[in-house]
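To start, the structure under review is shown below, and the notes come after it.
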Protein chains: 2
Amino acid sequence: MASFAFEITHMDGSARAGLFRTPHGVIPTPVFAPVGTQATVKTIPPRDLYEINAPLILANTYHLHLRPGSELIRDLGGLHRVMAWQRPILTDSGGFQVFSLAGINKIDDDGVTFSSHIDGSRHRLTPERSMAIQENLGADIIMAFDECPIPTDRAIVERAVMRTSRWAERCREAHPDDDRQALFGIVQGGIFPDLRAQSAEHLQRLGFPGYAIGGLAVGEPQAEMLRTIAATEPFMPADKPRYLMGVGTPDDMLESIRRGVDMFDCVMPTRAGRHGTAYTRFGRLNLRNAKFSTDRRPLDEASDCPASRDYSRAYLHHLVRADEMLGDMLLTWNNLAYYCGLMAGARAAIAAGRYDDFVAETKEGWARGL
Amino acid sequence: MASFAFEITHMDGSARAGLFRTPHGVIPTPVFAPVGTQATVKTIPPRDLYEINAPLILANTYHLHLRPGSELIRDLGGLHRVMAWQRPILTDSGGFQVFSLAGINKIDDDGVTFSSHIDGSRHRLTPERSMAIQENLGADIIMAFDECPIPTDRAIVERAVMRTSRWAERCREAHPDDDRQALFGIVQGGIFPDLRAQSAEHLQRLGFPGYAIGGLAVGEPQAEMLRTIAATEPFMPADKPRYLMGVGTPDDMLESIRRGVDMFDCVMPTRAGRHGTAYTRFGRLNLRNAKFSTDRRPLDEASDCPASRDYSRAYLHHLVRADEMLGDMLLTWNNLAYYCGLMAGARAAIAAGRYDDFVAETKEGWARGL
């Protein structure tokens, strides 16, 4: 029996509910992966993630390569052991961070030379190096090294698609089997349907156990993102998981699921939690707002998450205003519970053949507010 | 049956093991109370405190009076409800913070006028006002309003003792019964045994369900502190709990228990946790130290606390160096587990009549190190 297997259990229109089996357990899809950049989902220990049924987390290759180093993590037993997280992990390729965080010194067909955002030290990433680092880290799902261009400049995107395709071949060669770690290819192509199709078809010939859509949600309007997803979806294998990288808002996710996407990751719920914002079925709440200072209701009394259920909005307001870490922690926990719960709701609705109704009801809740 | 009752179950020399019954449960003594200044033990949610058997926490009257205000906390159902903490709580009187944090505008026999350290706003605290605020907060144990002078200037200490005595009378009058909240008197007197005796005897005539030693651990050498405790102890009622405020290091606590103290609070374990320091049975460890960067052992594999047991020192080092909040959280949790476990160990040793051996063994562990 293969270590990885993806089974679609239900479809409702283009929306899919599935089960993705990995060496560290089965991931029900659609799934949202909380982001644990530096080998920790900021402010949230593993137990609290188990409690809200987070099936998968993401860690960043770029950050962990720079600090503490992937060899050390390998020597300590790998990411699962180091983080004391027993469920599946996904690592990105480092590509996105190299292009967005680091100082680029040189980019050529072989790879990228860049300067660390921490101490300016010089490093080089290539497809082979990204594979080696991700093998050291030991995540269940690893990503091909890609170039992430500005998505609207066709000439730049064309070159990035070609480069990403060649890099994907080299990743596939460097990591030829998916026994222990499943290597996902990343479709690039900006907002250009023909380039997306070209990228997806090339990747499909290489054969990956999963496919990602990269280079979206980098500032373009939501409509453009959704149009691109819809145009790309027909060229992605129907029997493999589809991962939309770095997305997004709850609305982005619901609309992307409707267009056939299975997996997401985003810093939004964790980052927002550290800035006083709660995601709820009543929409986004800014807990810094004075109107919450005397509000004795919890964020959501119907939630199973202790952070959402056991503390008044007045107390959360106090914690945020007083700069208490517990405020960051509780809001982050609430937000991840909301995101993971939203995915569970989407999954159940797809299984029941009522996904459109679920989306409409959910959006009504946001619009109605408190 | 009275809401509060203190029973000494064992003595070993002057060291006492007891049970202090309160409306929110029984506190086994000796006990260490984690400090939750702004209605949160920094970085630690209630569940994690239950897990390490913290029987009692402290919250600060001064801070909560300024923000969010005690009337609001009363209207939200009191501190236990607001914090979602179901075990006993102790609030201090605000005196210590007024004298150490705020800008003092005027101090007279009636009370203190001071400026908020948050926004400079002007406030006045009197014994009656401190009682009213603490009644609003709703802790199980509340403290008399006292003046905390520099402990080594005899003239200043003499005046502070007289003032503290009169203020204690007014607190006792303002809070005449201990049905719902037990009011503790605070013995002042600096490092002067005769003033300590005078203060303690006066308080005893007023009749309190517990007595604190205030004004120590403010910079004097440990030997002077211990000498003062030993000189004060004979003047404190044997059948009431004795609370040494703001103390201290693990060593301070063990030596104070030996001299008849039952209760402690201190920011040390929480503050140290946010600065990369772990308290363990091997002594204090600075997790920023590079020697931990490859250390795969947990802080203490024999601990029941997940923070002490489930993560390598190398991972904690990484979290601290990467400024990840999880580092603060795990070290704080470990430190509180160590403090609470030390008290449980002391209690068991007193019950077994081997307290001196316990102290010697514990200190040997610290001295031996890793």
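Say each of A:Arg297 and A:Arg205 gets a label point 7 Å from the Cα, pointing the same way as Cα to Cβ; how far apart are those two points in nm?
Placing both labels 7 Å along Cα→Cβ, they lie 5.8 nm apart.
Quick one: Debye curve from the alpha-carbon atoms of the range A:205-284 only, equal weights, vacuum; give me log10 I(q)/I(0) at q = 0.19 Å⁻¹ to two decimals.
Ignoring solvent entirely, the Cα scatterers give -0.83.
Please report the net charge: other residues with Cβ closer than 13 Å to the Cβ of A:Met131, K and R +1, D and E -1.
On the way: positive: A:Arg129, A:Arg170, A:Arg172, A:Arg180; negative: A:Asp92, A:Glu128, A:Glu135, A:Asp146, A:Glu169, A:Glu173, A:Asp177, A:Asp178.
Summing Lys and Arg as +1 and Asp and Glu as -1 gives -4.
Quantify how much of the Cα-Cα distance distribution of the range A:317-370 extends past 16 Å, in percent. Can you show the working numbers first?
On the way: 821 of 1431 pairs.
Beyond 16 Å sits 57 percent of the P(r) for the range A:317-370.
Based only on other Cβ atoms within 10 Å, what is the fewest-to-most ordering of A:Leu58, B:Leu125, B:Leu216?
On the way: A:Leu58 25, B:Leu125 22, B:Leu216 29.
Starting with the residue having the fewest Cβ neighbours, the order is B:Leu125, A:Leu58, B:Leu216.
Name the most mobile residue of A:Tyr211, A:Tyr62, A:Tyr50, meaning the one with the largest mean-square fluctuation, in a Gaussian network model of chain A with Cα contacts below 10 Å.
Per the Cα network of chain A with a 10 Å cutoff, A:Tyr50 tops the list.
Expressed as a whole percent, how much of the Cα-Cα distance distribution for the range B:64-115 exceeds 19 Å? Please report the intermediate quantities before stating the final value.
On the way: 535 of 1326 pairs.
Of all Cα-Cα distances in the range B:64-115, 40 percent exceed 19 Å.
Treating only the Cα positions of the range A:115-266 as identical point scatterers, give the base-10 log of I(q)/I(0) from the Debye formula at each q in 0.10, 0.12, 0.13, 0.14 Å⁻¹.
-0.34, -0.49, -0.57, -0.66
Provide, as a two-decimal number, the C-alpha radius of gyration of the range A:273-368 over 2.2 N^0.38 Å, N being how many residues it has. Walk me through the numbers before you get to the answer.
On the way: Rg = 14.1 Å, N = 96, 2.2 N^0.38 = 12.5 Å.
Expressed relative to 2.2 N^0.38 Å, the Cα Rg reads 1.13.
Based on the Cα coordinates of the range A:25-132, what is the per residue volume of their convex hull in Å³?
Numbers: hull volume 12.5 nm³, N = 108.
Once divided by residue count, the hull of the range A:25-132 is 116 Å³.
Just the C-alpha atoms of the range A:148-191: what Rg/Rh do they give, with Rh taken as the Kirkwood radius?
Numbers: Rg = 12.4 Å, Rh = 11.4 Å.
For the range A:148-191, the value is 1.09.
Debye sum, Cα scatterers, the range B:260-306, no solvent: what log₁₀ I/I(0) at q = 0.13, 0.26, 0.29, 0.31 1/Å?
-0.39, -1.12, -1.21, -1.24
If you average the C-alpha positions of the range B:7-65 and of the range A:24-51 separately, how far apart do those two centres end up, in angstrom?
The range B:7-65 and the range A:24-51 have Cα centres spaced 33 Å from each other.
Rounded to the nearest 20 debye, what is the charge dipole size of the range A:273-368 about its Cα centre when +1 sits on each Lys and Arg Cβ and -1 on each Asp and Glu Cβ? Don't jump to the answer; show the numbers that get you there.
Numbers: 14 positive and 12 negative charges, 50 e Å.
Using only the charged Cβ atoms, the result is roughly 240 debye.
Rounded to whole Å and sorted largest first, what semi-axes of the equivalent ellipsoid does the C-alpha gyration tensor of chain B yield via the square root of 5 times each eigenvalue?
On the way: eigenvalues 210, 115, 79 Å².
Computed over chain B, the values are 32, 24, 20 Å.
With a ≥ b ≥ c taken as the square roots of the eigenvalues of the C-alpha gyration tensor of the range A:98-199, please select rounded if a/c is under 1.5 and otherwise prolate if a/b is larger than b/c or oblate if it is not?
Details: a/c = 2.04, a/b = 1.09, b/c = 1.87.
Oblate shape, in that a/c is at least 1.5 and b/c is the bigger or equal ratio.
Could you run the Karplus curve 6.51 cos²θ - 1.76 cosθ + 1.60 with θ = phi - 60° over the range B:209-215 and give me ³J(HN,Hα) per residue in whole Hz, x for Gly and Pro?
These are the phi-based 3J(HN,Hα) values: x, x, 9, 10, 9, x, x Hz.
Let me spell out the model: positive unit charges on the Cβ of Lys and Arg, negative unit charges on the Cβ of Asp and Glu, origin at the Cα centre of chain A. What dipole size does that give, in debye rounded to 20?
Dipole magnitude for chain A comes out near 720 debye.
Any idea what the relative contact order of the range A:5-266 is, in percent, if you count C-alpha pairs under 8 Å spaced at least 6 apart? Write out the running numbers ahead of the final one.
Numbers: 528 pairs, mean separation 45.9, N = 262.
Dividing the mean separation by the residue count of the range A:5-266 yields 18 percent.
Calculate the tail of P(r) for the protein assembly as shown: the fraction of all Cα-Cα distances greater than 45 Å, expressed in %.
Values: 90307 of 273430 pairs.
That fraction is 33 percent.
Can you pull the three principal axis extents for the Cα set of the range A:1-69, in Å, largest first?
Principal axes ranked by extent give 42, 27, 23 Å for the Cα atoms.
Just to be sure I understand the model, the point goes 7 Å from the Cα along the line to the Cβ. What's the resulting B:Asp75 to B:Arg368 distance in nm?
Result: 5.7 nm between the two label points.
Using amide H atoms built in the peptide plane, which far-off residues or other-chain residues are under 5 Å from A:Ile186 H to H?
The answer is A:Ala144, A:Ala212.
Spelling out what I want: for every residue of the range A:87-97, take phi, set θ = phi - 60°, compute 6.51 cos²θ - 1.76 cosθ + 1.60 (Karplus), and round to whole Hz; glycine and proline get x.
9, x, 10, 10, 10, 7, 8, x, x, 4, 5
Bear in mind these aren't lab numbers, they're just calculated from the coordinates by the rules spelled out. Please read all numbers here as calculations on a predicted model, not as lab measurements. All Cβ positions, glycine included, derive from the backbone under ideal geometry; neighbour counts span all protein chains shown.
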